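Worksheet: the structure to be examined is printed underneath.
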Amino acid sequence: PDSYGVSAIESVPPRWQPGESSYRIGDMKLYKQFDGELQKQLAWTLLSELEKGRYPTFFYNDWYNNRDEVAVSISSVNFRRAYDDFMSCVNALLPFSFDDIAYTVLNHEAESEKLTVASQRKLKQISDYLQVDNDLELVLVDAYTDSLGARGPNKELTEERAKEIQQFFVERGIDADRIRTVAHGEDRPIKSNDNELNRQINRRVVVQLSKPSMIEL
């Protein structure tokens with residue numbers, strides 16, 4: 001359009017549904033020199049109306065003559081097959097995004113080498129994501145422990161824990177070359193080591209995912 005406007009959207013019944021009435025489902029803003037666009041919730045509503053066999057219809061004033069109204073309908077004919085394919089694709093998507101797992105802290109149970117239940121769940125999410133996203137530049141696994149015990153054994157312990165996480169990914173088909181492990185031992189604590197709760201927080205493995213930088217030419 002040459003100027004700003006608003007298109008009203010109504011759900012219009014098909015001719016083979018006599019007695020059914022039209023009803024308004026929302027508006028779509030029309031911006032100068034841009035295509036119209038629906039917000040997420042309204043788009044889902046429109047799909048739902050098509051699924052019912054109804055005709056979502058856009059009403060707006062003619063750009064060349066404001067006395068005339070234009071009505072554009074989306075037909076539900078042949079919609080079902082495409083909609084089923086679309087829903088199959090949606091249902092196959094992971095229920096989390098890159099941002100949800102890009103920086104993940106894994107913790108171990110008290111006095112155990114076993115990860116907490118929440119950490120095991122997070123670890124599986126990361127491995128599921130790695131299997132479908134080949135654009136990741138690096139998977140960095142940093143392992144830390146508390147200051148109890150000697151420095152040398154603590155360093156070895158974090159090396160083992162980092163390698164365990166790497167092996168977990170490799171066993172699920174992730175290329176080992178995409179994973180880098182770093183063992184920090186008791187260095188870089190985030191809490192003082194003066195009580196068990198703080199020491200448990202310091203005993204951690206951090207998994208970071210990174211993507212190549214986008215360079216604008």
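Ordered by the number of other Cβ atoms lying within 10 Å of each residue's own Cβ, fewest first, 87, 28 fall into the sequence 87, 28. With semi-axes defined as the square roots of five times the eigenvalues of the C-alpha gyration tensor, the equivalent ellipsoid of region 50-96 measures 33, 14, 7 Å, largest first. Of the residues 132, 206, 70, the one with the fewest other Cβ atoms within 10 Å heads the list, and the complete ranking is 132, 70, 206.
How much net charge surrounds residue 17 when only the other residues with a Cβ under 11 Å from the Cβ of residue 17 are counted, with Lys and Arg +1 and Asp and Glu -1? Neighbourhood net charge equals +2.
Taking label positions 7 Å along the Cα-Cβ direction at both residue 41 and residue 98, the computed distance is 2.8 nm, reported to one decimal. Extension gain, residue 34 to residue 113: 0.36 nm times the residue separation minus the Cα-Cα distance gives 22.7 nm. Looking at region 98-194, none of the chymotrypsin sites (Phe, Trp or Tyr not before Pro) sits in a DSSP loop with at most 16 other Cβ atoms within 10 Å of its own Cβ. The separation of region 15-64 from region 199-213, counted between C-alpha centres, amounts to 46 Å. In summary, the lysines within cross-link reach of residue 32, defined as a Cα separation below 25 angstrom excluding same-chain residues under 8 places away, comprise 40.
Checking the a/c ratio against 1.5 first, then a/b against b/c, what shape does the Cα gyration tensor give for region 5-91? Note, shape of region 5-91 comes out oblate.
The slack between residue 134 and residue 78, meaning 0.36 nm per residue of separation minus the straight C-alpha distance, is 16.7 nm. Restricting region 31-98 to GluC sites (Glu not before Pro) that sit in a DSSP loop and have at most 11 other Cβ atoms within 10 Å of their own Cβ leaves 37. Once the cut-off is 27 Å, how many percent of the Cα-Cα pairs in the chain end up in the long-distance tail? That fraction is 58 percent. Pairs with C-alpha atoms separated by more than 23 Å, drawn from the list 155/211; 124/155; 122/163; 114/191; 29/211, are 155/211; 124/155; 29/211.
A dipole drawn for the chain from +1 and -1 charges on Cβ atoms has a positive end, and of 134, 17, 148 the residue lying farthest that way is 17.
Points 7 angstrom from Cα along the Cβ direction at residue 69 and residue 182: gap in nanometres? With each label placed 7 Å out from Cα toward Cβ, I get 6.4 nm.
Laboratory data are not the source of any read-out in this text; all were calculated from the coordinates shown. Remember, it's a predicted structure, so these values are computed and weren't measured experimentally. When we count neighbours, we look across all protein chains shown, and the Cβ atoms used for this are built from the backbone with ideal geometry, even at glycine.
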